[in-house]
Amino acid sequence: MSLDYLFRRWGRVWELTVEHITLSASAVLIALLLAVPLGVIAARNPRISTPLLGVLGAIYTIPSLAFLALLIPSLGIGRRPAIVVLAAYAQIFLVRNIAIGLRGVDLATMEAATGTGMTRWQQFIKVRWPLALPVMIAGLRTASVTTISLATIAAWIGAGGLGTLLFEGITRDDPDRILAGAIAITALALITDALLRLAVSMTAIARARRAGRA
Amino acid sequence: MANQRAALSTDFNTATEIRIDHVVKRFDNDGDARPAVNNVSLTIEPGEFVVLIGPSGCGKTTLLKLINRLYDPTSGTIYIDGTPSQSLPGSELRRHMGYVIQQGGLFPHYTVAENVAVVPGLLGWDKARTGVRVDELLELVGLPPAEYRTRYPAQLSGGQQQRVGIARAIAASPGTLLMDEPFGALDAITRGRLQVELCDLHDRLGQTIVFVTHDIDEAASLADRIAVMREGRVLQYDTALNIIMRPADEFVANLVGADDNMRRLSLVSAAAVMSPLEIGEVIAPVEPAIDLPIRVLPVLNQLLESGAPRIIIRDAGAPVGYLDLAAIQAASVPRIQAQSTS
């Protein structure tokens, strides 16, 4: 096993990496569009949040190959069903952290916000949301890293991405391809993780807490 | 002090009159238990400093929150300068009432300046006017703007946070300031200092203040009038002196420590029980004197230590009255009023 494939075919590896990023990013963005309203609703209604998180947790336990296969009759193969599956898996991390983050904001702080004369919308936008941001972004980080690793499997139904190298490597008995794919996927996951950690540290509340410790 | 008043760029709105008229507040989850606030009526005059006092669960905080409509009454009406509070949207009403809670309730992700600028921002003030105002207010509460403007609440002590909380509450010159145990979490020294500063601020700005506490000492040093509450009702609404000297019933008597002379003398202001000086009376320079504001107890101490027949009371350096043993003795004998049917 060597790094030959990675060095000789770096152009192709890069191409597949871009495909992988596009696939994962589309899935996470679509997941967010659904998760933000669901998370807000779950934060406000404990009665809804328990069953909702239960269902989303159950979805996450469906084996990924089975999930993809299940969608072939209705959505066919390619990127579309892959995005659907990845977005569904990401829900549990996103909705859970959005709900916990929003609910976790200090009651006295929210009462002070009401007391200053903010409308409900202003309280949400100016106080609750920014204070929940670190926890919510932490959920986005877990969701993104999980999506990047799961997106590998999507190559099995022709969605492209770095998984292609792994499946090629298996069928052609070419461990160099597997190694190249694995290295690229790991690098992508680590970089994403680092970037989102940085995003957490740049939120207003994280800056304020840092200032308080200094 | 006069200079600081002149430095304020915006005049304070006129102080608000608050009339609480047969207000009942019952919480949904109470079932048919007694209401949190049970048929309370009281009028707070414009510019008056009123303290609501009582044990926990007596309804004092609920009553305060009914005034700025954090809660809506189950029945009854609260009139703000004659207008029923229900006729305005709650958020609109609250922008014109300062609200201070324990630890200031500051927004932790905002700097000191951003915290103080919240209400001006909601009212649509422009940046320049808000900036000037923020600096003035920080000066006013003793936090030099150059040093504190860009700090975060996590970088401030409890007392400093509370000063910012007060600055935020009065930023848009509200006619009313509502304070819910604002100094409850502070150490005794800081609390004492902030009490003095709050009184000073009230003298200077003159807005109506409603202040909740469970500390009779604090109530006695701050209030024009004290409302003693128990189980949702107001038992007595009167000056500190009358509450201490003529408690309406056993409960109020216990609250003010009516069976403990020393305790009571430590609550009563010397100004409230001193005898006036004769017109043209000559004060010998050797006569011991003491400056207001001061309670009776330290005056008694000085009387006993000096052996003099009386202690001269001075206000801003000028003699205004005196206290002797007879006057102090009169101040140490409380009378519980006959049970009224109110």
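Quick note: the coordinates plus some simple rules give every number you see, no bench work behind them. Being a predicted model, the structure only gives us computed values, none of them experimental. Note: ideal-geometry Cβ built from the backbone for every residue, glycine included; neighbour counts use all protein chains shown.
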For chain A, what does the helix formula give at 222 nm: sum of -39500 (n - 2.57) over DSSP H segments with n ≥ 4, over the residue count, nearest 500 deg cm²/dmol?
-26500 deg cm²/dmol
Work out from phi, with θ = phi - 60° and the Karplus expression 6.51 cos²θ - 1.76 cosθ + 1.60, the ³J(HN,Hα) of each residue of region A:154-165, listed in order in whole Hz, and give x for Gly and Pro.
4, 4, 4, 10, x, 8, x, x, 5, x, 3, 4
Given charges at Cβ of Lys, Arg, Asp, Glu: chain B dipole, positive-most of B:Leu267, B:Pro84, B:Leu300:
B:Pro84
Spherically averaged projected area in nm², based on the convex hull that wraps the Cα atoms of region A:1-117
11.8
3J(HN,Hα) from dihedral phi, region A:46-51, Karplus parametrisation 6.51/-1.76/1.60, rounded to Hz, x for glycine, proline:
x, 5, 7, 5, 4, x
Per the helix-only model, chain B has a calculated mean residue ellipticity at 222 nm (DSSP H runs of ≥4, -39500 (n - 2.57) each, divided over all residues, rounded to the nearest 500) of -10000 deg cm²/dmol
So if I take the centroid of the Cα atoms in region A:165-214 and the same for region A:14-64, what is the distance between those two points in Å?
19
Classify chain B from the C-alpha gyration tensor, please: rounded if a/c falls under 1.5, else prolate or oblate depending on whether a/b exceeds b/c.
oblate
Using a Gaussian network model of chain B whose springs link C-alpha atoms within less than 10 Å, name the residue from B:Thr239, B:Thr16, B:Thr208 with the highest mean-square fluctuation.
B:Thr239
Does region A:14-78 come out rounded, prolate or oblate, given a ≥ b ≥ c as the square roots of the eigenvalues of its C-alpha gyration tensor, rounded meaning a/c under 1.5 and, failing that, prolate meaning a/b above b/c?
oblate
When only Cα pairs under 8 Å and 6 or more residues apart are kept, what is the percent relative contact order across region A:4-213?
28
Less than 14 Å Cβ to Cβ from B:Asn115, Lys/Arg counted +1 and Asp/Glu -1: what total charge do the surrounding residues give?
+4
Between 0 and 90°, nearest 10: helix A:79-103 axis offset from chain A longest Cα axis:
30
Percent antiparallel among DSSP beta bridges (both partners in chain B, rounded to 5):
55
Quick one: Karplus J couplings for region B:308-313, per residue in order, coefficients 6.51, -1.76, 1.60, θ = phi - 60°, nearest Hz, x for Gly and Pro?
6, x, 8, 10, 7, 9
Based on the alpha-carbon gyration tensor of the protein assembly as shown and its eigenvalue square roots a ≥ b ≥ c, which shape applies: rounded if a/c is under 1.5, prolate if not and a/b is larger than b/c, or oblate?
prolate
Taking the Cβ of A:Ile205 as the center, what net charge do the other residues with Cβ under 12 Å away carry, scoring Lys and Arg +1 and Asp and Glu -1?
+3
Counting sequence-distant residues (5 or more places) and residues on other chains, those with an amide H built under 5 Å from that of B:Asp291 are B:Arg314
Tell me which residues come under 5 Å, amide H to amide H, from B:Gln236 once H is placed; ignore anything under 5 positions away on its chain.
B:Val228
Listed residues A:Ser74, A:Ser24, A:Ser64, most fluctuating in chain A (Gaussian network, C-alpha, under 10 Å):
A:Ser74
Amide H contacts under 5 Å for B:Thr43, restricted to residues at least 5 apart in sequence or on another chain and with H modeled in the peptide plane, are B:Ile20
